[in-house]
1. Quick one: in the range 20-36, which of the residues that are free of Cβ contacts under 8 Å to residues at least 60 places away in the same chain and assigned to a helix (DSSP H, G or I) is surrounded by the fewest Cβ atoms within 10 Å (Cβ to Cβ)?
2. If you check 433, 456, which single one turns out to be more than 16 Å from the chain's Cα centre (by Cα), surrounded by 24 or more Cβ atoms within 10 Å (Cβ to Cβ) and either at positive phi or more than 16 Å from ligand 1 (Cβ to nearest atom) (or both)?
3. Do the conditions hold for residue 84, that is, is it part of a strand (DSSP E or B), within 16 Å of ligand 1 (Cβ to nearest atom), within 21 Å of residue 209 (Cα to Cα) and in contact (Cβ under 8 Å) with a residue 60 or more places away in the chain?
4. Mind listing whichever residues of the range 410-443 are within 16 Å of ligand 2 (Cβ to nearest atom), assigned to a loop (DSSP other than H, G, I, E, B) and within 21 Å of residue 216 (Cβ to Cβ)?
5. Are any of the residues in the range 393-409 within 16 Å of ligand 2 (Cβ to nearest atom), in a loop (DSSP other than H, G, I, E, B), under 23 Å from residue 213 (Cβ atoms) and in contact with a strand residue (DSSP E or B) (Cβ under 8 Å, 6 or more places away or on another chain)?
6. Within the range 215-234, can you find the residues that are surrounded by 15 or more Cβ atoms within 10 Å (Cβ to Cβ) and away from ligand 2 (no atom under 16 Å from the Cβ)?
7. Hey, among 250, 219, 202, 178, which residue is within 19 Å of residue 40 (Cβ to Cβ) and part of a helix (DSSP H, G or I)?
8. Could you check the range 266-350 for helices (runs of 4 or more DSSP H) lying wholly inside it with 2 or more residues that are within 21 Å of the chain's Cα centre (by Cα) and within 16 Å of ligand 2 (Cβ to nearest atom)?
Ligand code: ADP
Ligand code: MG
């Protein structure tokens, strides 16, 4: 009985500190809009960097030819080639390969990382078949999706601002990522030109727009989280160049670094942040994304093990190990709807090393998954809502006209595979928008849109175009 009381006390405190009432989400969205405006002004203290992508035109459908893309940004990287057939034929043929990055390369030197990537790319190019056609005398061209914050200096160059998501490669911050990749390709004897350097959000936006003309923003919910959207060029005070003909500029918000007193941070989040590779940074990302959700659950379970002997008299030593509980496992436990929570029990046995957990312990575990996932999903929805507010698509136009159809392209393993998470994002967005406005807003899965998007941008910025 005493144990039960202590468990209840911990759970109550968790519920309290993770709560995200709708009024709080609205005020978080307002704070994000304010930070977006600061970022667009170039305020160096702005929390959202609002990076200029140099993409002022999204794909039209006319793109033509053979293009490659490379996507680096998480635990895997992907290489892709696509034969584009213009307005009529669209994507004629597409092939891709996924390669996992050995963990030691994520914290090694830039030369090692880029040599590994360029070697995999060269191998992939070697398998190019008859269905792909490169006109005589032309160089192969590549769109490089790089999902870390970059100070873009043109469409095809930019310097790394900082690493995130568990990457910490030496000697890269401040360096031009395209020139690092190009040098590595040369070392491999691979003749290829990088014609577009894009963030994954920008790639997803481009790929999404190619599929659906009403896409105005792209959101990634994967290992990390970020968003990009189409802004009016004249609403970007820090842009000092010529106004683009289109009048538009794609902005990479880098919203993962958002931080605010308003964010519901628990003791578990604070401890996780403190022990992370980048303490004090990427706070919004650490509450939302796939790299962290399972770890937050682990920390709460550990507290319950300590304070309320959740897993018996001794605290299971496996549970003490950071990141043993991964978000896909959390998702599997959360979705277990069997009457005896059999799957969840098996996962606990696997991960925590406790064989026979009571039904009550399983229910508690599932409840913790629910609380952590729900907070993340609701905060993500607040972010999407803030972008809709920023571009004036959060409510009916004041002139009485109909609200234009508005599509958000979403991608990332978390959104794609964690059903309860993605449903909660959508339900919360509907709640924030209200009935009328939400009927014009669509969240659409743009499965691996960033790869094709990068290839499309490589095409529209081709040296031969
Ligand atoms: P990245 O974000 O690294 O570019 P992805 O978009 O494929 O790559 O996202 C991978 C991330 O998605 C994983 O790190 C994991 O956190 C999350 N994820 C993958 N599968 C699942 C799943 N079944 N349930 C919950 N999260 C998942
Ligand atoms: Mg990705």
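1. Going through the range 20-36, the residues free of Cβ contacts under 8 Å to residues at least 60 places away in the same chain turn out to be 21, 23, 34.
Those still in the list that are assigned to a helix (DSSP H, G or I) too: 23, 34.
Numbers: 23: 8, 34: 15.
Residue satisfying both the conditions and the ranking: 23.
2. One residue alone meets the criteria, 456.
3. no
4. 412
5. First pass over the range 393-409, keeping only residues within 16 Å of ligand 2 (Cβ to nearest atom): 409.
Narrowing the set further to residues that are in a loop (DSSP other than H, G, I, E, B) leaves none.
Taking every residue of the range 393-409 in turn, none turns out to be within 16 Å of ligand 2 (Cβ to nearest atom), in a loop (DSSP other than H, G, I, E, B), under 23 Å from residue 213 (Cβ atoms) and in contact with a strand residue (DSSP E or B) (Cβ under 8 Å, 6 or more places away or on another chain).
6. Start the filter on the range 215-234 by keeping residues that are surrounded by 15 or more Cβ atoms within 10 Å (Cβ to Cβ), which leaves 215-231, 233.
Once the filter is applied, which keeps residues that are surrounded by 15 or more Cβ atoms within 10 Å (Cβ to Cβ) and away from ligand 2 (no atom under 16 Å from the Cβ), the range 215-234 yields 215, 216, 217, 229, 230, 231, 233.
7. On the way: 250 fails: part of a helix (DSSP H, G or I); 219 fails: part of a helix (DSSP H, G or I); 178 fails: within 19 Å of residue 40 (Cβ to Cβ).
Sole residue among the options that is within 19 Å of residue 40 (Cβ to Cβ) and part of a helix (DSSP H, G or I): 202.
8. Output list reads 283-288, 290-308, 327-334.
The values are calculated or read from the model by the stated rules, or taken from the named source; none is laboratory data. Note that the coordinates shown come from a computational prediction; the quantities given were computed from them, not determined experimentally. Don't worry about glycine lacking a Cβ; one is built from the backbone with ideal geometry, like all the others, and counts go over all protein chains shown.
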